[in-house]
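Single-structure report; data block below.
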Amino acid sequence: MTRIVRSASLLFSGLFAGFLVCVLVLENSLRGYDAAVYTQTRLVELDSLDKLASVTLIPALITTAVLAIRARGNDRRVVLVAIALLIVVFATTLAINLPINSDQAAWSVQNPPSDWASVRDRWQVAHAIRTVAAVLAFGLLVVSSQRAPVSSTVRVPADVHM
């Protein structure tokens with residue numbers, strides 16, 4: 001059971017971290033463009049990317065929490081740090097990114113708000129923080145998976161003579 005939970009935790013946290021890295025690259029690429037281009041791109045992003053974030057982050061949090069409960073010793077400590085980092089991601093998203101997303105969903109490409117660049121900057125800084133936290137969490141889970149003992153029993157037939 002632990003192996004399945006660990007695999008699911010790795011899968012969802014890896015997908016989520018990769019997704020955040022892709023958005024970070026896209027957002028960094030947009031820094032050289034004007035308000036209309038930025039607004040249009042954000043409106044396209046907001047169409048479905050929140051759904052992708054939800055279907056990867058929520059299972060990552062749940063499976064990593066279950067893994068933390070099932071883990072033992074140093075493995076548990078590493079997994080607990082990973083879950084703490086995922087909670088930082090979740091809290092940053094709720095406190096900063098989602099409220100900005102909600103505001104940006106009402107922006108007009110033809111008439112973006114005058115403070116669009118400062119709003120963009122706040123969103124991008126928060127996104128960078130959560131991206132680093134998600135990548136570190138995934139890295140810790142990978143390390144944990146390599147260090148975790150794999151229980152296996154080797155059966156030697158009774159009729160084998162040495």
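Each value in this text was obtained by applying a stated rule to the coordinates, not by laboratory testing. Quick caveat, the model's predicted, so the values are computed rather than measured. Quick reminder, even Gly has a Cβ in these numbers, built from the backbone with ideal geometry, and neighbours come from all protein chains shown.
Tabulated values for the structure
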{"quantity": "Considering residues of segment 109-126 that are hydrophobic (A, V, I, L, M, F, W, C) and assigned to a helix (DSSP H, G or I) only, the residue farthest from P99 (Cα to Cα)", "calculated": "A117"}
{"quantity": "Segment 30-41 - residue that is part of a helix (DSSP H, G or I) and touching a helix residue (DSSP H, G or I) at 6+ places or on another chain (Cβ under 9 Å) and, of those, farthest from N111 (Cα to Cα)", "calculated": "L30"}
